Amino acid sequence: MDVYEAILKRRTIRKFKQDLIPTDVLEKLVNAARLAPSGANLQPIKYVIINDPELLPSVFSMTRWAAYIAPKGTPQAGEEPTAYIAVLADREIRATGYDSDAGAAIENLILTAVSEGIGSCWLGSIDREGLRELLQIPENYHIHSLIALGYPAESPVAEDAVDSIKYYKDENGTLHVPKRTLAEVMFVNRVGN
Ligand SMILES: Cc1cc2nc3c(=O)[nH]c(=O)nc-3n(C[C@H](O)[C@H](O)[C@H](O)COP(=O)(O)O)c2cc1C
């Protein structure tokens, strides 16, 4: 699968099969993130692989899913993520301005996941203090995001946005994700007329 194919195929997944992701594959995802572009090459982003079955339910309880369609986007029992990668910013390396680094790293991670047949949900709505305590994360790390992972048990579809960018589920339970059209988001040479 080439990169563009992975980009077209990637959709946020919020229902997962319960087959476990091998640890070496999770490490491959972190390696892909590690090699992302980084401002001044400071590389402040660090990663916690979470796949201990004893931790997973507690981590799940610290996540919030699909606000536009809540509670219909929350994984039900037996559909939960089977692993997570917590994305941290080491403030001793870079005190502020690490968001772009984190974004580049996370996109590398989730596109590599697509190429491995793994679905993901980038979670920003998380209980950071709860995660800090549970995962023993020292104060010098900002908890940027949590990436939920697992083999997909749903197949969301992207479509051209017409009136709204709000994702929705149809009568069959398929998630539709409106994307602004190329004509709406792209300018050539000049933005004005
Ligand atoms: C910074 C960021 C934070 C997000 N936080 C959440 C979240 O807390 N919960 C959730 O269910 N989805 C979250 N998402 C996923 C978005 O809802 C999703 O990317 C969007 O609906 C578009 O769908 P797509 O990823 O399939 O293109 C987040 C995405 C990003 C980029």
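The values are calculated or read from the model by the stated rules, or taken from the named source; none is laboratory data. Everything quoted here is computed from the prediction, not taken from an experiment. Positions of Cβ are backbone-derived with ideal geometry, glycine not excepted, and every protein chain shown enters the neighbour counts. Please note that ligands, DNA and RNA were not included when accessible areas were found on the heavy atoms of the full protein model with its side chains. Shrake-Rupley method; radii C 1.70, N 1.55, O 1.52, S 1.80 Å.
Under a GNM of the chain (C-alpha, springs under 10 Å), which listed residue has the highest mean-square fluctuation: 171, 133, 116?
Highest fluctuation among the options: 171.
Between residue 27 and residue 164, with labels modelled 7 Å along Cα→Cβ, what's the label distance in nm to one decimal, could you check?
4.6
How many angstrom lie between the C-alpha centres of the stretch 57-76 and the stretch 78-150?
16
Taking the chain as a Gaussian network, Cα atoms linked when under 10 Å apart, which of 31, 51, 172 shows the biggest mean-square fluctuation?
Checking each option, the largest mean-square fluctuation is seen for 172.
Over the chain, with every protein chain in place, what whole percent of the accessible area is carbon and sulfur at 1.4 Å, could you tell me? Before the final figure, lay out each step's value.
Numbers: 5590 of 10940 Å².
It is 51 percent, rounded to a whole number.
Contour minus end-to-end for residue 64 and residue 128, with contour as 0.36 nm per residue of separation and end-to-end as the Cα-Cα distance?
On the way: separation 64, 0.36 × 64 = 23.04 nm, distance 1.18 nm.
The residue 64-residue 128 span can extend by a further 21.9 nm.
Tally Lys/Arg at +1 and Asp/Glu at -1 over every other residue whose Cβ is under 12 Å from the Cβ of residue 30; what's the total?
Details: positive: 28, 34, 46; negative: 24, 27.
Residues near residue 30 contribute +1 overall.
Using the structure shown, list the pairs from 17/179; 15/46; 28/166; 72/179; 17/166 with a Cα-Cα distance above 23 Å, or answer none.
Values: 17/179 26 Å; 15/46 26 Å; 28/166 33 Å; 72/179 20 Å; 17/166 26 Å.
Correct reply: 17/179; 15/46; 28/166; 17/166.
Tell me, what HN-Hα J-couplings in whole Hz come from the Karplus equation 6.51 cos²θ - 1.76 cosθ + 1.60 at θ = phi - 60° for each residue of the stretch 160-170, using x for Gly and Pro?
5, 6, 9, 9, 9, 9, 6, 5, 8, 9, 8
Just to confirm a number: summing +1 for Lys and Arg and -1 for Asp and Glu over residues other than residue 126 whose beta-carbon lies under 11 angstrom from that of residue 126, what do you get?
Cβ neighbours under 11 Å give a net charge of +1.
Looking at the chain as a GNM with Cα springs under 10 Å, which of 40, 83, 66 has the largest mean-square fluctuation?
In the Gaussian network model the winner is 40.
Can you give me the accessible area per residue for the chain, using a 1.4 Å probe, in Å²? Walk me through the numbers before you get to the answer.
Values: 10940 Å² over 193 residues.
The answer is 57 Å² per residue.
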